[in-house]
Every structure is written in structure tokens, then in C-alpha cells.
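Bear in mind that the values in this text are calculations on the coordinates, not laboratory data. Here the structure is a predicted model, which is why all the values come from computation and not from measurement. Note that each Cβ is placed from the backbone with ideal geometry, even for glycine, and that neighbours are counted across all protein chains shown.
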Amino acid sequence: MPILKWIRYGAWAGVVLIAFVSAALMLGWWQVDGPGRSLAGRAAVQGVPAIGGPFTLVDHTGRSVTDADYRGKPMAVFFGFTHCPEVCPTTLVQMANLTGKIGAAADRLQILLITVDPERDTPEQLALYLQSFDPRVVGLTGSREQVDAALAAYKAYAKKIPTESGYTMDHSASVYLMKADGSFRTMIDYHEEEASALEKVRMVLR
């Protein structure tokens, strides 16, 4: 019967789609982009999602930079802000622990912290904040428009949340691991186990 035939085809299509998504998650193609926010839902069902792209920002020394300045080295890109109470310092400490376990090979990894709060995070503020972390981390800021362009390129999320004392920022909590040519490789989720995160960093350094 035609109806049963179409039901059968639909069931097989569902099986194939589930298998594809499961493989993608295992390989690190798709990851959770902050609590409850999945890049898979925004990505095309074909191949790796288009993450990353051109940006023009200012580093924590006051130098104007673009994505091309970091080409040739794998990158770990993280969006955060200096007034972040937990996620940002935890992530920066985690990255220091991971690179410490890898050793000298990790010197090839460029770690970038792109602020989602450029109104408060001036180059001077970023420089002061980063004194507490791995000296290899570069802080990046810019105008609101420049930061928003970087967020859009990386399919990242940020939103200002009013508080009694002013405001805080809700933002993506994943670390984007980019290959030396600037293309996306995989992500480290905020709650990912260390062994898995360590293997992903080693993978992007190969």
C-alpha cells in the first residue's frame, strides 16, 4: 500500500538522520554552545557548520588586529568578559591546565579571549584581567559593531542582562578550536571532561 510504503521510507530516513547526528556529536562537529544553546540546531545538515571568519579588533596592548594576524597557528577562541563571575575564569584556568599537560607543543596554540562587553572591557581592562592567567592568552575588544561581527562569524551568543547593580552578560560558554588555516575544527564544551578536552586540543595541534 502506498501509505505504508511512505511510512517505511520515513522511518528509514529517521534512522539515517539519527545515525548522522550521533556520529557528528562523537566527532566533535556539533557541540553545545553554552547552556541550552546548540549550534546543531542552527547548522545545515550537510558537513561541518560554517564557524569563524574575518574580524577586526584591538588586542589588550592596544594594537589593531585582524583574523589574518593569527593565521598559521591553531587557535582556541573563547567569548567572555572580565566581570564574568565563574565561566570565564574557569575556562581560562582550564585552558592553562590543558596546555600545561600538552607541554611545549601547546606553544603553537593561540588562545584568544574576545570580550562580549566592549563597553567596559577596554584594552587596559583586559590587560589587567589577563595578568592572572596564562601569558599566552590574547584579549580582544573593539567597538560594539566589531564585537558583534565577531560573534556573528563564530555563531556565538551574547546578551546584556540587567541586574540591581548594573548589568551582566549571558554568553556562549564553549571554546572554539580552529585549524591553522582559520577553519573550524571542533569545540570544547564548558562542562566537558578533561580527557576529552585534552584530546581535542591535541587533535587541532596535529
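Database remark: amide H of TYR154 closer than 5 angstrom to the amide H of GLY52 (H placed geometrically; neighbours at sequence offset of 5 or more, or on other chains; Pro and chain starts carry no H).
Close amide H contacts of THR186 (hydrogens built in the peptide plane, cut-off under 5 Å, sequence separation of 5 or more or a different chain): LEU177.
Around the amide H of ILE114, modelled in the peptide plane, lie the amide H atoms of PHE78, PHE79, GLY80, LEU140, all under 5 Å away and 5 or more residues distant in sequence or on another chain. The label-point distance for GLU194 and ASP181, in a model that sets each label 7 Å from Cα toward Cβ, rounds to 3.4 nm. Can you list the aspartates and glutamates whose alpha carbon is less than 15 Å from that of LYS179, not counting same-chain residues fewer than 8 positions off? By straight Cα distance, LYS179 reaches ASP67, ASP69, ASP107, GLU199. Its Cα centre serving as origin, the range 31-205 has a Cβ charge dipole (Lys and Arg +1, Asp and Glu -1) of approximately 480 debye. Read phi for every residue in the range 96-112 and hand back ³J(HN,Hα) as whole Hz from Karplus 6.51 cos²θ - 1.76 cosθ + 1.60, θ = phi - 60°, with x for Gly and Pro. Once θ is set to phi - 60°, the couplings for the range 96-112 become 5, 5, 5, 5, x, 6, 6, x, 4, 4, 6, 5, 7, 8, 8, 9, 10 Hz.
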